[in-house]
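One structure is given below, encoded as structure tokens.
Readers should treat all values here as calculations from the given coordinates under stated rules, not as data from a laboratory. Source: prediction; values computed, not measured. Quick reminder, even Gly has a Cβ in these numbers, built from the backbone with ideal geometry, and neighbours come from all protein chains shown.
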Amino acid sequence: MVCLIVGRLVGLRLMSSARYDGIAEWYIPWVGTSPGLACDTAVDMVPSRLDSELWLDVACGAGRTSRELAQRGAAVVGIDLSERLIAIAREYDAQRQLGVMFRVADIVQLADWWNGVPFDGAICEMAFMDIDDFDGTVQAVSRALRAHAAFVVSLLHPCFPGNAAGLSSWPPDLGYAAEGYWTSKRHNPEGVRLRVGSSHRTLATYLNTFIRHGFALERVHEAATDVPTKLVLALRRTH
């Protein structure tokens, strides 16, 4: 059974803070805690050294990506809705003393977390499937970045048709064009989607939204698999 909660979420702001709070203890061992980037397979998407740069980690979760950016020399601000994941992120950061600033906030509400100092770069790793207000999020990131700053994005490929490990990016009973948050008991029982659902958007929606909010596409990387699984985009703010 597939349940489509909302037919189209672009432009709507729906809070999802409780989704990962409720599964945090399961999620941390599943995703791991070691610093790293899901886009590591896409060489040079994020420079190896980020000394003296200020970076934003969008939907940072427990801070795995934030810690990697900090180890590369960046000052990092990590934002997430989940109070539990941010608490865990702070615990790990205290152990490593990397100085990441973690904030519980809705990225769309800039006044709640941003001091007005523009970021030199931003990243969103494997999280847009969990973000309801995609349009508002991209707009907020664009506003928070300096001119010509980088924005690196990794996500479940929106054209993923499903395989033995999980369902398609879109509700299989409704098809690729059915955008919105959906969940199903047929999701991979070993994975995160069964527990928190997924927000599907077409590739056109992703790209057109980035373009509309002032981003230019510089590079694209797709996993070398039989079917599209992950998509990595290197974007740059055009002004």
Inter-label distance for Glu218 and Ser34, nm, one decimal - labels placed 7 Å from Cα along Cα-to-Cβ: 2.8
Positive-end extreme of charge dipole, the chain - chosen from Ile88, Pro189, Val232 (charges on Cβ): Val232
If I take R0 = 45 Å and measure r between the Cβ atoms of Asp21 and His148 in this structure, what FRET efficiency does the formula 1/(1 + (r/R0)^6) give, to the nearest 0.05? 0.80
So what is the 222 nm mean residue ellipticity for the chain from helices alone, if each DSSP H run of at least 4 adds -39500 (n - 2.57) and you divide by all residues, rounding to the nearest 500 deg cm²/dmol? -7000 deg cm²/dmol
At a 10 angstrom cut-off on C-beta neighbours, averaged per residue, how do the peptides 196-207, 158-169 rank from highest to lowest? 196-207, 158-169
Treating each Cα of the stretch 34-175 as an identical point scatterer and ignoring solvent, apply the Debye formula and state log10 I(q)/I(0) at q = 0.13, 0.15, 0.17, 0.20 Å⁻¹. -0.57, -0.75, -0.94, -1.24
For Tyr176 and Ser52, what does the FRET efficiency come to when R0 = 41 Å and r is the distance between their Cβ atoms, rounded to the nearest 0.05? 0.40
Tell me, in nm to one decimal, what length is gained between Val117 and His239 on full extension, where the rule is 0.36 nm per residue of separation less the Cα-Cα distance? 42.3 nm
About the Cα centre of the chain, how large is the charge dipole given +1 on each Lys and Arg Cβ and -1 on each Asp and Glu Cβ? Please answer in debye to the nearest 20. 200
Mind checking the full-extension length gain between Asn208 and Arg186? Use 0.36 nm per residue of separation minus the Cα-Cα distance, one decimal, nm. 4.9 nm
Tell me the Kirkwood radius of the chain: reciprocal of the mean inverse pair distance over distinct alpha-carbon atoms, in Å. 18.0
On a full-extension model of 0.36 nm per residue, what is the gain between Glu91 and Gln71, subtracting their alpha-carbon distance, rounded to one decimal in nm? 5.5 nm
Taking the highest mean first, how do the peptides 129-138, 24-33 order by number of other beta carbon atoms within 10 angstrom per residue? 129-138, 24-33
